[in-house]
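Report on the structure given below.
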Amino acid sequence: MKYAEGPSAHGDIHIGASVPLVWGLVTDILLPARFSPELRRAAWLDGADGPRVGARFEGYNHHRLLGEWRTVSYVTELVERRVFAWAVTDADGLFGEPVPDPAGALATWRYELAPEDGGTRLRQSARLGPGRSGVTLTVERWPDREEEIVAARLGELRTGMEATLAGVKALAEQGG
């Protein structure tokens, strides 16, 4: 798959806990850093203290090939106890010109929740692009390996999602 096609990855898990409990966990932007192999920490910006459409938060990331960098994310969709989505931007210009607009996101992330068998079905997904990212830098260096590079990145994202989903499940099933 080509980067320009908006490749995506997802994972889902059944959690033996209520939707409201799981919702409280996934809308806590500090939680993924406890499980993610890449996200190290996050903090709300502009005085926000929780998710609302348009709210911004910064994330600090680390990748073995890229080192450390900061992103700024914008909450793009919020449907209470159903959907929490955000667009990740390269506000500092690590991958090219700074992009403070969520329309030029380097990735879009999303949680979807649904009641299922007395618990919750939690789905996490990520779509790459359309903005520049570490993937585009790598593809520019090795254009003949684009599909391999995109597939490798999607594999990394799936691994991170599996760890995050398992962590959310463990916390939720222990009562939060």
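For Ala9, the shell of other residues with beta-carbons less than 12 Å away shows a net charge of +2, using +1 for Lys and Arg and -1 for Asp and Glu. Taking Lys and Arg as +1 and Asp and Glu as -1, the other residues whose beta-carbon sits under 12 Å from that of Arg34 total +1. The helix-based estimate of mean residue ellipticity at 222 nm for the chain, built from -39,500 (n - 2.57) per DSSP H run of four or more residues and divided by its residue count, is -8000 deg cm²/dmol to the nearest 500.
The residues packed around Arg127, meaning those with a beta-carbon under 11 Å from its beta-carbon, carry a net charge of 0 if Lys and Arg are +1 and Asp and Glu are -1. Footprinting exposure proxy ranking of Val168, Val75, fewest other C-beta atoms within 10 angstrom first, gives Val75, Val168. For the range 10-27, list residues with backbone N below 17 Å from a point placed 7 Å from the Cα of Arg81 toward its Cβ? Residues 15-27 fall inside that zone. Karplus-derived 3J(HN,Hα) values for the range 71-79, using 6.51 cos²θ - 1.76 cosθ + 1.60 with θ = phi - 60°, are 10, 10, 10, 10, 5, 9, 8, 8, 10 Hz; glycine and proline are entered as x.
Across the options Ala87, Ser8, Leu165, the greatest Cα extent toward the positive end of the charge dipole of the range 3-173 (unit charges at beta carbon of Lys, Arg, Asp, Glu) belongs to Leu165. Given R₀ = 30 Å, what would the calculated FRET efficiency be for Glu162 paired with Tyr60, taking r from the Cβ atoms and rounding to 0.05? Step by step, r from the Cβ atoms, then E = 0.90.
Every number in this text was worked out from the coordinates using simple rules, so none of it is lab data. Note that the structure is predicted; figures quoted are calculated from it, not measured. With ideal geometry, Cβ positions are generated from the backbone for all residues, glycine too; neighbour counts draw on all protein chains shown.
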